[in-house]
Amino acid sequence: MELKICHMYPDVLNLYGDRGNILCMGRRLAWRGIGCEVTKLPIGSQARLSDYDLVFIGGGQDFEQQVLLEDLHRGKDREIRAAVEDGMPFLTICGGYQMLGAYYETYDGQRCDFIGALDLYTVGSRERMIGNYKFELAPESGGSIVVGFENHSGKTRLGSGLQPLGTVLAGYGNNGEDKTEGARYKNVFGTYSHGPLLPKNPAFCDFILLTALQRKYGAAELAPLDDAAEIAAHNAMAARL
Amino acid sequence: MNLRAFLAILLCKALRLVSRLLRRGGTAMPGSFALKICPDLLRRLASQVKTIAVTGTNGKTTSARMIEEAFSGEGLSYLANRSGANLASGITTELVMNATLGGRMKKDYAIIECDEAAARSVFSQLRPRVVVVTNLFRDQLDRYGEVTHTLENIRTAIQGAPDALLCLNADCSLTASLAGDLPNEVIWFGVEKGAVPSREKPEISDATHCIRCKAEYEYDYISYGHLGGFRCPRCGYARHAADIAVTEVVEQRMDGSSIVLSIRGEKQLVEIGLPAMYNIYNAAGAVAGVTAMGLPASAAIAALGRFRCGFGRMETFALGKKGARMMLVKNPAGCNQVIEFLQNVKEPSVLAACLNDRAADGKDISWIWDADYEKLGSIASRLARVIVSGDRAEDLRVRLKYAGIPDERIELQRDYAALVDDLAAEERPIFLMPTYTAMLELRQAVIHRVGGSEFWEG
Ligand SMILES: [Zn+2]
């Protein structure tokens, strides 16, 4: 077995240890004898998303998001929408998560159009929502507890038909108001959690990997690993929150 | 001399005396009270000294201490703020302690190391004659926002000092961009093409796209991180030739480097008593700063030769049979440099890495995943022991596991006293790799055991 992971925009969306998520998926597959091939898709490159089994998009800096919008609107937005509808697994974080939504409106009312693959939008606020946080995944995303670090000033609102990825137990989540965190649509997992997300939340990492493997191979299983170190790190932070 | 200033100075001196008697290190509190009584106190005092300020993300403290060593060698009367006292309040305390009760400065020069965020409010009052900007890397994101915000802070700071001579890192595309929109005269320092073998473009770069037009940079060479011969193919923004240029790195040793430095065209062999590539940059920046202040280049060069590691920056201690070296890390770029230094250690050694997530460290520790710990994984067989410690020891353990160090080989010891006792029995060289607040505590524990100076005495 093998997973082909597409890392979109690693050149500009790589802010908060996102590389750790890629490393983590690669190692956890390798430890089980499953192959993993990561292809970087920087700005300006051409590729068919359907050639991959999982797409990862991380978070970025404000300045660089401009560069990326131009690139998106040259056709990648259409392709991403099609891939999402087709059930392609996506893991998107912070800026990458916001980008899958309809638009971002800055605090002073400037609006920039995003991909529109998910029924959500984000509005900039004056406060910055920063800190370690904790949320409980919805059952359809495995139901485990996730600890991470969030750092965003955008408040994300989900459309009425869109399910959150989980429920906030401590911290802000999507907007600091409705206790929702992230979004789950088809096989898209969107979240504000970096830290990075996956190494300290091995159950969630495996859930995403399994989603991708099952889609590709029809049926798949993941052998258990010795996660003592990962669980200790998870518990140390969970206990603090 | 007005009454407010007099009262402020009196109170500040008294509070500092009391805090010293109580052995509370805090230098910020007295200055902060003094500024409440007399808001223009800092400006009043600073106007009587010739100031050189050092800011940037990495290497501020080391560069400032190198500059200080040159001033000291020339027998000049100067004051300098110590690590940790680099906010407006701490700088005010430092100036007050070097002033008479009547508000007259007793020193001629001031060497001020200043936080990027603090520089914004402090420079317009300090009115430095020279400003050295070391570099700009991603650092403590949750505290300062993103790296372009840090750049904006420095730009605003320098706008408060329009007469200052700027010493800028020519190889850092972020730092160098300051020259474009500020009226200040600029002295450039940097490392030339061919001085060291060019690196691969790092997987994670802090500046990939042109700060002016957003096209992707091309590089003639990379010295480390995003530093090197950058060039924008679209708008032409490119590295400026350096006035203070490292043209050759002759030798890099455990205890220092030998380089050829071209100072405005004149080449000289220079010894730096501090190892690693990033300190070669610090040295070039210090030479730029010292000469910009009107001191002879010979003063700066002699200082670099005399310079010794201190205060957690490659500082050595008589711990264990072969000694211990403390190497502060605070962000991926600096961490990668330390890891590279470790790669060059050929004998089996012991590594203790400590990760904290307090305000001064940055509360977001995700940066450890952007640093190349995989390179430690590749020398795992030479690391006889790997110990993790600090508030976030468990996170570091996971990072090292994924970097290729078998988990069963990683020891976790959170108690610094116990850690130091354990290391004291070591027969192999010891390398300590703490973040800032971990360094302060670990250093105390080491000094408690084997002695050493409480402050950096050079
Ligand atoms: Zn350009």
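The values are calculated or read from the model by the stated rules, or taken from the named source; none is laboratory data. Given the structure is predicted, the values throughout are model-derived calculations rather than measurements. So basically every Cβ, Gly included, is an ideal-geometry build from the backbone, and we count neighbours across all protein chains shown. The protein model used for the area step is the full one, side chains on, heavy atoms only, and it has no ligands, DNA or RNA in it. Shrake-Rupley method; radii C 1.70, N 1.55, O 1.52, S 1.80 Å.
Numerical summary
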read-out: Strands (runs of 3 or more DSSP E) lying entirely in segment A:63-133 (those with 2 or more residues that are touching a strand residue (DSSP E or B) at 6+ places or on another chain (Cβ under 9 Å) and crowded, with 17+ Cβ neighbours inside 10 Å); value: A:90-93
read-out: 3 or more residues at pLDDT 95 or above and closer than 23 Å to B:Tyr217 by Cβ: qualifying helices (runs of 4 or more DSSP H) within segment B:110-205; value: B:173-176
read-out: Per-region count, segment A:218-241, residues under 20 Å from B:Asp391 (Cβ atoms) and more than 9 Å from chain B (Cβ to nearest Cβ); value: 5
read-out: Residue within segment B:241-258 that is without any contact (Cβ under 8 Å) to a residue 24 or more places away in the chain and within 16 Å of the ligand (Cβ to nearest atom) present; value: no
read-out: Of all residues making up segment B:414-441, the number that are in a loop (DSSP other than H, G, I, E, B), open to solvent by 20 Å² or more (accessible area, probe 1.4 Å) and more than 14 Å from every other protein chain (Cβ to nearest Cβ); value: 4
read-out: Within segment B:353-402, considering residues that are more than 8 Å from chain A (Cβ to nearest Cβ), outside any loop (DSSP other than H, G, I, E, B) and β-branched (Val, Ile, Thr), the one farthest from B:Ala445 (Cα to Cα); value: B:Val386
read-out: Residue count for segment A:15-37, restricted to those that are crowded, with 24+ Cβ neighbours inside 10 Å and over 22 Å from A:Ala229 (Cα atoms); value: 1
read-out: Residue in segment A:181-198 that is over 17 Å from A:Phe90 (Cβ atoms) and more than 14 Å from every other protein chain (Cβ to nearest Cβ) present; value: no
read-out: Meets criteria (open to solvent by 30 Å² or more (accessible area, probe 1.4 Å), in a loop (DSSP other than H, G, I, E, B) and within 21 Å of B:Lys214 (Cβ to Cβ)) for A:Gly44; value: yes
read-out: Pairs where the first residue, in segment B:405-426, is over 22 Å from B:Lys321 (Cβ atoms) and in contact (Cβ under 8 Å) with a residue 12 or more places away in the chain and the second is open to solvent by less than 30 Å² (accessible area, probe 1.4 Å) and in a helix (DSSP H, G or I), C-beta under 6 Å, 6+ apart; value: B:Ile405/B:Gly377; B:Ile405/B:Ala380; B:Ile410/B:Leu400; B:Leu412/B:Ala393; B:Arg414/B:Ala393
read-out: For A:Val67: the one exception among (1) more than 14 Å from chain B (Cβ to nearest Cβ); (2) hydrophobic (A, V, I, L, M, F, W, C); (3) closer than 22 Å to A:Asn151 by Cβ; value: (1)
read-out: Residues located in segment B:199-252, provided they are within 14 Å of another protein chain (Cβ to nearest Cβ), acidic (Asp, Glu) and farther than 18 Å from A:Asn14 by Cβ; value: B:Glu218
read-out: Exclusive hit being in the same structural domain as B:Tyr109 (by TED's automatic domain parsing), farther than 26 Å from B:Val131 by Cα and touching a residue at least 40 places away in the same chain (Cβ under 8 Å), set B:Arg16, B:Arg43, B:Arg20, B:Arg65; value: B:Arg16
read-out: Conditions (1) of a type outside the set (Val, Ile, Thr); (2) free of Cβ contacts under 8 Å to residues at least 24 places away in the same chain; (3) away from the ligand (no atom under 16 Å from the Cβ): number failed by B:Ala302; value: (2)
read-out: In segment B:170-224, the residues that are open to solvent by 60 Å² or more (accessible area, probe 1.4 Å), within 16 Å of the ligand (Cβ to nearest atom) and either among the basic types (Lys, Arg) or within 30 Å of A:Thr39 (Cα to Cα) (or both); value: B:Arg212, B:Lys214, B:Glu216, B:Glu218, B:Asp220
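The rows are residues; the columns are (1) touching a Ser or Thr at 6+ places or on another chain (Cβ under 9 Å); (2) modelled with pLDDT of 95 or more.
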| position | (1), (2) |
| --- | --- |
| B:Leu295 | no, yes |
| B:Ile301 | no, yes |
| B:Leu304 | no, yes |
| B:Phe307 | yes, no |
| B:Gly310 | yes, no |
| B:Pro332 | no, no |
| B:Gln337 | no, no |
| B:Lys346 | no, no |
| B:Ala353 | yes, yes |
